[in-house]
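J.: My questions will all concern the structure given below.
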Amino acid sequence: MQTLRGRLTAWYSVALALTLAAFAAVLYVDRRSASYQELDQRLRSEAALTAATLAESYRARGALVRADTSKRPVLIPDLATLLEVVPDYLVITARDGSLLFASSDARALTFQQVEQLRRVASAPLSGRTTGTLRLDPDGPNIHYVVRYVTEAGPQFGAILSGVNSRLAALGAEQLLATFALVLPLGLVVGVLTGSWISRRALGAVDQIITEVREISDGRSLHRRLVEPRVKDELGRLAETLNQMMMRLERSFVALRRFTADASHELKTPLTVLRAGVERAITTPHLPQETLVTLEETLQEIKHMTELVDALLTLARADEGLAPLHREAVDLRGMVEEARETGELLAEQAGVTMEIATPPEPLVVSVDATRIRELILNLLTNAVKYTPVGGSVRMQLGSGNGTVMLSVADTGIGIAPGDLPHIFDRFWRADSARTRTGERPGAGLGLAICKWIAEAHGGRIEVVSRPGRGTTFTVTLPSDTPAGHS
């Protein structure tokens, strides 16, 4: 199970099934025991009734046993007929163990089975008076009670009253069969009930997860979770998360303020430093070594200025202090403006540049400065990571209420594991993206591109294969109202 809700439902269903199975087992054993107790009581009553009948008949008539035609002792006919009404298996033996009477159910047994009953009824007075006997061969299990006759004359030995034990097990088995039919229905109800309970119990957790996911984008840390009035586990969780987000918000605010202040404070000295180096380079008769050093210093100052500008842009964007100044712009003109810079960079890098725009105007309400920055960042990035002999293609198009700008190159590509981080600040996927490598970069250009696209209500996506090239696609809504910022 991938979800806690599924596991809770499964655990509840398993617990319910085990509980029902245990309840059925206990009820089965109890019912079986009660059935045997009822049989014992019934058999004892039948044996007592038979003994009372024999005693009463003995007092009224005297001798109750006579010899039949085979000279074997049997009950007198009238008494035998009277005892025929006694149900189940009834066997009466003489004091010497011989058989005096067998009921109709007993007479339906084989001679060997009747002998088994007779031997049980002929056991010594110290023997068992109740039990279960398996009649062989292939006979029923007989649950019996033996009562010794003492008030019907010296000829009587004992009375055995028995019944098929299947009757005792039948009720318990019927109960078990009923449970077997009810158990699947109970499990279905249990699964549905468990799912409903887990959904109700975890609904608040899902709401917390949704709200935290919305807040965790880094720009909504001022929001807080709704804390329930009842301070249960979920209430304490919401309170703890709110406290954590308050501390995170303070940390982020302090970090953004520091970044913005530091970037702002660095701009003036960098400007002064750049102006001084540029004046020094124009000094006549400088030694070649000094001139090379000054040019390298100027390049580093330019790089540092770009980094500070990028940091300041992102810091202002994070604080909501970088509004967009929208105006209706034909994106074809902006792409053509970027063509010159792109072709110049491509020529210096030994890369071919191709730009395709549609014949009809694509007028969109955008911040022209920011979109121009986005286009140049993507073009610069594509040329930077494309080897000599490669190509870069930028294409502008529209469809389904959107405007699409794609920049594709045949460069070194991006590894699949690096793609989720490509828009993170200061992220450089490999050694080729370090400042000391062949292709320097601060790792902020794509982060700025992402912010510009999203600030316009659009998105930026990337598709790449190592060694085959990379394609960035920017999608902007084409029906953005003008003047919105």
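The values are calculated or read from the model by the stated rules, or taken from the named source; none is laboratory data. Note that the coordinates shown come from a computational prediction; the quantities given were computed from them, not determined experimentally. Positions of Cβ are generated from backbone atoms using ideal geometry, with glycine treated the same way; all protein chains shown enter the neighbour counts. We work out accessible area using only protein heavy atoms, side chains counted, and drop any ligands, DNA or RNA first. Shrake-Rupley method; radii C 1.70, N 1.55, O 1.52, S 1.80 Å.
J.: Counting residues that are in contact with a Leu (Cβ under 6 Å, 6 or more places away or on another chain) and over 20 Å from S464 (Cβ atoms), which strands (runs of 3 or more DSSP E) fully inside the range 329-415 reach at least 1?
T.: Of the strands (runs of 3 or more DSSP E) lying wholly inside the range 329-415, those with at least 1 residues that are in contact with a Leu (Cβ under 6 Å, 6 or more places away or on another chain) and over 20 Å from S464 (Cβ atoms) span 363-367, 391-399, 402-409.
J.: Within the range 43-65, can you find the residues that are among the basic types (K, R) and either closer than 18 Å to R118 by Cβ or in contact with a strand residue (DSSP E or B) (Cβ under 7 Å, 6 or more places away or on another chain) (or both)?
T.: Answer for the range 43-65, where residues must be among the basic types (K, R) and either closer than 18 Å to R118 by Cβ or in contact with a strand residue (DSSP E or B) (Cβ under 7 Å, 6 or more places away or on another chain) (or both): just R44.
J.: Which residues, counting only those in the range 305-345, are open to solvent by less than 70 Å² (accessible area, probe 1.4 Å) and of a type in the set (D, E)?
T.: Listed by number, the residues that qualify are D309, D318, D330.
J.: Scan the range 233-254 and give yes if some residue there is modelled with pLDDT under 80, aliphatic (A, V, I, L, M) and open to solvent by 90 Å² or more (accessible area, probe 1.4 Å), otherwise no.
T.: No: the range 233-254 contains no residue that is modelled with pLDDT under 80, aliphatic (A, V, I, L, M) and open to solvent by 90 Å² or more (accessible area, probe 1.4 Å).
J.: Right, another one. How many of the residues in the range 399-420 are open to solvent by 70 Å² or more (accessible area, probe 1.4 Å) and modelled with pLDDT under 90?
T.: So the answer is 3.
J.: Answer yes or no: is there a residue in the range 1-10 that is part of a helix (DSSP H, G or I), among the hydrophobic types (A, V, I, L, M, F, W, C), modelled with pLDDT under 90 and surrounded by 14 or more Cβ atoms within 10 Å (Cβ to Cβ).
T.: Yes.
J.: Which one of these is in contact with a Lys or Arg (Cβ under 9 Å, 6 or more places away or on another chain), part of a strand (DSSP E or B), touching a residue at least 40 places away in the same chain (Cβ under 8 Å) and open to solvent by less than 50 Å² (accessible area, probe 1.4 Å): V91, V74, V120?
T.: Unique residue meeting the criteria: V91.
J.: Quick one: A34 ticks every box in (1) open to solvent by less than 50 Å² (accessible area, probe 1.4 Å); (2) more than 28 Å from P154 (Cβ to Cβ); (3) touching a residue at least 60 places away in the same chain (Cβ under 8 Å) except a single one, so which number is it?
T.: (3)
J.: Could you check, for the range 217-230, whether at least one of its residues is within 24 Å of the chain's Cα centre (by Cα) and open to solvent by 80 Å² or more (accessible area, probe 1.4 Å)?
T.: Looking for residues that are within 24 Å of the chain's Cα centre (by Cα) and open to solvent by 80 Å² or more (accessible area, probe 1.4 Å), one finds none in the range 217-230, hence no.
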